[in-house]
Amino acid sequence: MVNCSEKKMNKKYNIIVGGGIIGLLAFKILNSFDRNTILIEQSNKLGGLLTSFKFGNNYFDHGPHFLRETGNKKLDSIMFKSIKSNWNAFKSLPQSNYFCGTWNKNSSYIDIRKKNKNLSLYLINYLKNLSQTKNLKTYQNEIKNFNLFYSNKITKLIILPILKKYVGRNVELLKQKSRFKFALNRLIVGSPKITNKLKDNKILDNLVGFNYYSDGVTGKKNYYPKNGGIENFVDLFLNKKDANKSYFTNTSIKKIKIKENKIFYIETNNNKKIFVKKLIWTGPADFLKQILENKKTKKHFDIPKYYWYFFHLESKKKFKS
Ligand SMILES: Cc1cc2nc3c(=O)[nH]c(=O)nc-3n(C[C@H](O)[C@H](O)[C@H](O)COP(=O)(O)OP(=O)(O)OC[C@H]3O[C@@H](n4cnc5c(N)ncnc54)[C@H](O)[C@@H]3O)c2cc1C
């Protein structure tokens, strides 16, 4: 990396802040129209959450495990066109779920028939009635949503005991959409035939899970390198030719000067002034807010109360540790 001073500072640049996948993609697109584009990354390497580390012979990924095609042809071509045969391309990813003392190796969703067949009939009828609702109003509080989507009875008998196991007390504080974190955004309620019929309805499609994960396959490919970790993706994105003069690591913005309602220039932590054509911010919005307001607050705003991830890893080979 070269120092920012090697750029002519009175020239205007498109500045992308953040070298995660979004920043790298923004750079790739913008740079193809206008070569006066630079990317500023505060840490010492590019990739953001797209990083891996090697432990023994195994690679561990910090964040994303797979990168999936978006379905937008233009975007997919920009993102994935340089992927070669040294990458795996999976059309579906195996999912499983443990409920009522047994594994379901066909889906990540809970199959309520395992608990009680009568409950399944009850829920199917409840859902059929719900599907007639014209404007389904959802709540900020997730338990209220569960009561609405799956009935008070199913929430009490199935959902709440599971959530209590996951989050302990204060389940009632869970915010809207927490259900996605626990794969409780859908339930399996009946046979594949019943499932398909219910899923024809727009509301129920979001509440009823396919019986087999392969049924919901969109055809979009999920990519993962055959060797190494997901971090390899960063190399596919970099404009190696321009790397030295376009990507600035160990650099952050300390000031944004606004003149006549436009961003005029930015000042970096190493006291360089760069005049701005366009500024694209891909870091956390609260950092931007702090710079614009010229103050440092200790707290991030609007951090969800519960934001947990659970992973279950299976390997045919023994992990070394
Ligand atoms: C555990 C986990 C698993 C995930 N699994 C998947 C998956 O399998 N598939 C998938 O598609 N997605 C997955 N995601 C989501 C995916 O990781 C993110 O959506 C994506 O990486 C976000 O990219 P980004 O560029 O927006 O942000 P980031 O990757 O966070 O990058 C932001 C970059 O901006 C830099 N930055 C921040 N502030 C400043 C500043 N002031 N100045 C300069 N630089 C700054 C940061 O250092 C960082 O490098 C997962 C996320 C997590 C946490």
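What follows is calculated from the coordinates using simple rules that are stated; it is not laboratory data. All of these numbers come straight from a predicted model, not from anything done at the bench. Virtual Cβ from ideal backbone geometry, glycine too; neighbours counted across all protein chains shown.
Things to note:
- Taking other C-beta atoms within 10 Å as the exposure proxy, Leu292, Leu279, Leu148 rank Leu292, Leu148, Leu279 from fewest upward.
- For the pair Leu121 and Leu75, the difference between a 0.36 nm per residue extended length and the Cα-Cα distance amounts to 12.2 nm.
- Proxy reagent accessibility, fewest Cβ within 10 Å first, across Thr249, Thr102, Thr282: Thr102, Thr249, Thr282
- Between Leu148 and Asn44, the distance separating the two model label sites (each 7 Å from Cα on the Cα→Cβ line) works out to 4.9 nm.
- Once both labels are positioned 7 Å from their Cα atoms along Cα-to-Cβ, the gap between Ser131 and Lys193 label points is 1.5 nm.
- Sites Asn86 and Asp34 - FRET efficiency at Förster radius 35 Å, r taken between beta-carbons, to 0.05: 0.65
- Karplus-based coupling profile of the range 67-77, in residue order and whole Hz: 10, 9, 4, 8, x, 8, 4, 4, 5, 4, 5, with θ = phi - 60° in 6.51 cos²θ - 1.76 cosθ + 1.60 and x standing for Gly or Pro.
- FRET efficiency estimate (nearest 0.05) - Cβ-Cβ, Thr218 to Lys105, R0 22 angstrom: 0.60
- Between 0 and 90°, nearest 10: helix 21-33 axis offset from the chain longest Cα axis: 50
- Over the chain, the pair-distance histogram of Cα-Cα distances with 10 Å bins from zero comes to 5, 20, 23, 23, 18, 9, 2, 0 percent, rounded to whole numbers.
- When peptides 171-184, 232-245 are sorted by average Cβ neighbour count within 10 Å, with the highest value leading, the order is 171-184, 232-245.
- Extension gain for Phe264-Leu157 works out to 32.6 nm (0.36 nm per residue, less the C-alpha to C-alpha distance).
- Förster radius 56 Å - calculated FRET efficiency between Asn58 and Lys273 (Cβ-Cβ, nearest 0.05): 0.80
- 5 angstrom amide H check on Tyr59, placed H, neighbours 5+ away: none
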